[in-house]
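The values are calculated or read from the model by the stated rules, or taken from the named source; none is laboratory data. Just so we're clear, the structure is a prediction, and the values are computed from it rather than from any experiment. Cβ placement follows ideal geometry from the backbone for every residue including glycine, while neighbour counts extend to all protein chains displayed.
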Amino acid sequence: MYAVGGWDNGVQLSSVERYDEDKDQWEMVESMNSKRKGVGVCVSGGRLYAVGGDGVYGLGGALSSVERYDEDKNHWEMIASMTVARTYLGVGATYTQHDFPLPLLVVSSLDKED
């Protein structure tokens with residue numbers, strides 16, 4: 001289980017924490033490349049994705065960028081951006097029994113064109 005980005009006292013966060021069930025504690029992992037609140041998060045092909053979000057205080061800083069986390073390397077990498085900046089969105093992937101990435105499905109409540 002991961003806690004990704006967020007907001008603390010008016011500041012967007014790029015930090016990421018992972019829950020270690022064996023130790024019953026949270027631990028920091030590498031931070032994302034971008035600060036994001038209202039970020040959509042999902043897993044596809046064994047990788048964690050952070051999609052869009054709001055990168056500045058208040059609304060209006062919607063992001064189109066997408067990052068992928070590799071747990072084995074403890075590293076975030078930027079991948080292809082969405083065509084529209086979105087924040088406060090839902091993200092999912094279709095089910096598969098195989099461990100390869102699937103297309104991400106994005107549903108947005110706010111986008112830059114709203």
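Summary of values
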| quantity | calculated |
| --- | --- |
| Only one of Leu89, Leu102 that is in a loop (DSSP other than H, G, I, E, B), farther than 14 Å from Met32 by Cβ, at pLDDT below 90 and of a type in the set (A, V, I, L, M, F, W, C) | Leu102 |
| Subset of region 6-44 [among the β-branched types (Val, Ile, Thr) and either more than 18 Å from Arg68 (Cα to Cα) or at pLDDT 95 or above (or both)] | Val11, Val16, Val29 |
| Members of region 18-29 found to be part of a strand (DSSP E or B) and surrounded by fewer than 14 Cβ atoms within 10 Å (Cβ to Cβ), listed by number | Tyr19, Asp20, Gln25, Trp26, Glu27, Met28 |
| Pairs where the first residue, in region 17-42, is without any contact (Cβ under 8 Å) to a residue 60 or more places away in the chain and the second is among the basic types (Lys, Arg), C-beta under 6 Å, 6+ apart | Glu27/Arg18; Val29/Arg18 |
| Region 30-55, subset out of contact with any Ser or Thr (no Cβ under 9 Å at 6 or more places or on another chain) and surrounded by 13 or more Cβ atoms within 10 Å (Cβ to Cβ), residue nearest to Ser81 (Cα to Cα) | Tyr49 |
